[in-house]
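The values are calculated or read from the model by the stated rules, or taken from the named source; none is laboratory data. As the structure is a prediction and not an experimental result, all values here were calculated from the model. Backbone-built Cβ (ideal geometry, glycine too); neighbour counts: all protein chains shown.
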Amino acid sequence: MRVAVVGAGPAGVRAVEALVAAGLTPVWIDEAPDGGGRIYQRPPPGLLRDPGKLYGFEAGPATALHAALDALKPRTDWRPETLVWHLRPGAQRLSTLHRGRQAELAYDAAILCTGAMDRVIPIPGWTWPGVTTLGAAQIALKTQGCGIGRRVVFLGTGPLLWLVAYQYAKAGAQVAAVLDTTPFATKAMAAPGLLRGGTTFAKGLYYTAWLRARGVRIAEGITPLAIEGTAHGVTGVAWRDSAGRTHHVDCDATGMGWGLKPEAQLADLAAVPFRFDAQQHNWVPQRDAAGRTPVPGIYLAGDGAGIGGAEVAEIAGARAALALLEDSGHRVDAAQVTRLDARLARQARFRTALERAFPFPAALARAMADDTILCRCEGLRAGELRAAARAEAATGPAPEVNRAKAFTRVGMGRCQGRICGAAAAEILAAELGRDVAEVGRLRGQPPVKPIPIAPAAEAA
Ligand SMILES: Cc1cc2nc3c(=O)[nH]c(=O)nc-3n(C[C@H](O)[C@H](O)[C@H](O)COP(=O)(O)OP(=O)(O)OC[C@H]3O[C@@H](n4cnc5c(N)ncnc54)[C@H](O)[C@@H]3O)c2cc1C
């Protein structure tokens, strides 16, 4: 049986581990030069850094995952630096690109462990040089040992905001401010549920306390007004506090992000139906608790199946592999299945509290000023989307977001809406007076990430 696993982060590693333990030799693909995924991403060969410095409190799990990854590579058909850019469900084929070479790979079953990316709300000035996502700021530090600037403002909301600010300050960068759009009271109300997270919650408290103790400027419940700058780069950030006062801080770089969204384009191409998860405020591919999708042979695990965090990803990876094995006639250990299911259920309760503590500020996206660049690939401003939506709605049925893409080119560029899509849907929904779930989501299109034209033509 030909099994493909896409992704070698926490979910992919544990999925492969279970498949290998059952005697299978899966094809294992990751576009990165090595496995580890986002949280446990490794520096390039030659850049040797102590795991304690690199991963902080996560050094133990990181080292354990890397050891499992390295032990599994020779027992699989391991293909790093290989992007899966298309998935053809009818033909049960993956199209891959490795160092410019296109290849087709047949599969009988696939586990997609494709992870997540930052969720972005465009704000005025977000396209200045020196603005990155929180995740990108962290990856620069983690894999290259360098920061995005000397004096950095971190802006947005979610656990990653505080973690990255802490990691930068700890590494010696000057953190000019941490600006959280979520009010302190919202987080405090979620505290009883967050206690279920045990050490994860404790670590979060530690990061914030550490930053406060070192006098880092912190503001919560803020509304970002603008990232100020010139063509040469960022010069500062302006925001409004909950009492309506405006503030400004100088900086030479800004990391921003509002939680994560699943990288689910391959699931989309596989024709897995999606649903709007109101708690996460994300579109997520449909699957059961074990990771089975309605599409035979397609299984999902980890953040690509809905944001759950690294611990959940490891459990879900193992669980999806067991589901695949069970469905293909292998005997699986029922006690192990029960244990994994119980752990997933416990983690889901913590996740609910986390989503309450750091809600996606949809109102911020909906209130985006008309002249703010919404889709940076196409240079499209928020007001242009609003005007086009009004014009369309005046002459026919209210448009959904893919129709909006056709008439404005929003999400049509290199990122395929992965960056602007969530905010575009909010703006469209607000303009049409509809719920965001009603305007839909930008459908995934091949190639899921930019590739040269020649391999795409070869595969056509
Ligand atoms: C930038 C970033 C930084 C993060 N940092 C932290 C952190 O410090 N602490 C924390 O607790 N959580 C962090 N998170 C969240 C955490 O990474 C995830 O919860 C966890 O890694 C999920 O594991 P996963 O296996 O589902 O996905 P990931 O770890 O994201 O792994 C997915 C893997 O799939 C590969 N992949 C994706 N698409 C394709 C494709 N089409 N073809 C080939 N390969 C593909 C990727 O290269 C990646 O290696 C971060 C998330 C992001 C996006």
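Consider region 259-312. How many of its residues are of a type in the set (A, V, I, L, M) and under 13 Å from the mean Cα position of the chain (by Cα)? Going through region 259-312 one residue at a time, the tally reaches 6.
In summary, Cys146 fulfils each of the numbered conditions (1) in a strand (DSSP E or B); (2) farther than 21 Å from Val120 by Cα with the single exception of condition (1).
Does region 53-65 hold any residues that are closer than 15 Å to Ala313 by Cα and more than 9 Å from the ligand (Cβ to nearest atom), and which are they? Pro61, Ala62, Ala64, Leu65 - these are the residues of region 53-65 that are closer than 15 Å to Ala313 by Cα and more than 9 Å from the ligand (Cβ to nearest atom). Reported count of residues in region 403-444, each being without any contact (Cβ under 8 Å) to a residue 60 or more places away in the chain and within 16 Å of the ligand (Cβ to nearest atom), is 4.
For region 103-131, a tally of residues being within 10 Å of the ligand (Cβ to nearest atom) and among the aliphatic types (A, V, I, L, M) returns 3. The numbered conditions (1) away from the ligand (no atom under 14 Å from the Cβ); (2) outside any helix (DSSP H, G or I); (3) under 23 Å from Pro262 (Cβ atoms) are all true for Ala91 except (3). Consider region 153-174 and keep the residues that are part of a helix (DSSP H, G or I) and of a type in the set (Ser, Thr, Tyr). The one that is nearest to Arg351 (Cα to Cα) is Tyr166.
Mind checking whether some residue in region 104-113 is closer than 17 Å to Gly37 by Cα and either within 17 Å of the chain's Cα centre (by Cα) or hydroxyl-bearing (Ser, Thr, Tyr) (or both)? So far as region 104-113 goes, yes, one or more of its residues are closer than 17 Å to Gly37 by Cα and either within 17 Å of the chain's Cα centre (by Cα) or hydroxyl-bearing (Ser, Thr, Tyr) (or both).
Among residues that are within 16 Å of the ligand (Cβ to nearest atom), out of contact with any strand residue (DSSP E or B) (no Cβ under 8 Å at 6 or more places or on another chain) and without any contact (Cβ under 8 Å) to a residue 40 or more places away in the chain, Leu340 is included. May I ask you to list the residues in region 23-55 that are small (Gly, Ala, Ser) and either touching an Asp or Glu at 6+ places or on another chain (Cβ under 6 Å) or buried (at least 16 other Cβ atoms within 10 Å of the Cβ) (or both)? Scanning region 23-55 gives Ala32, Gly35, Gly36, Gly37.
Does Leu69 count as part of a strand (DSSP E or B) and either away from the ligand (no atom under 14 Å from the Cβ) or among the hydrophobic types (A, V, I, L, M, F, W, C) (or both)? Considered against the rule, which asks whether it is part of a strand (DSSP E or B) and either away from the ligand (no atom under 14 Å from the Cβ) or among the hydrophobic types (A, V, I, L, M, F, W, C) (or both), Leu69 comes out as no. Looking only at region 132-151, decide whether some residue is within 16 Å of the ligand (Cβ to nearest atom), crowded, with 17+ Cβ neighbours inside 10 Å and over 20 Å from the mean Cα position of the chain (by Cα). Yes, the conditions are met somewhere in region 132-151. Residues that are within 30 Å of Glu228 (Cα to Cα) and over 29 Å from the mean Cα position of the chain (by Cα) do occur in region 368-387.
Within region 72-88, which residues are surrounded by 18 or more Cβ atoms within 10 Å (Cβ to Cβ), more than 10 Å from the ligand (Cβ to nearest atom) and either not in a loop (DSSP other than H, G, I, E, B) or not assigned by TED's automatic domain parsing to the domain that holds Ile298 (or both)? Those that are surrounded by 18 or more Cβ atoms within 10 Å (Cβ to Cβ), more than 10 Å from the ligand (Cβ to nearest atom) and either not in a loop (DSSP other than H, G, I, E, B) or not assigned by TED's automatic domain parsing to the domain that holds Ile298 (or both): Leu72, Trp78. Taken over region 25-47, the criterion of being more than 15 Å from the ligand (Cβ to nearest atom) and either touching a residue at least 40 places away in the same chain (Cβ under 8 Å) or not assigned by TED's automatic domain parsing to the domain that holds Gly308 (or both) is satisfied by Thr25, Leu47.
Residues Leu344, Leu354: which one is of a type outside the set (Gly, Ala, Ser), under 17 Å from Gly198 (Cβ atoms) and under 18 Å from the mean Cα position of the chain (by Cα)?
Leu354
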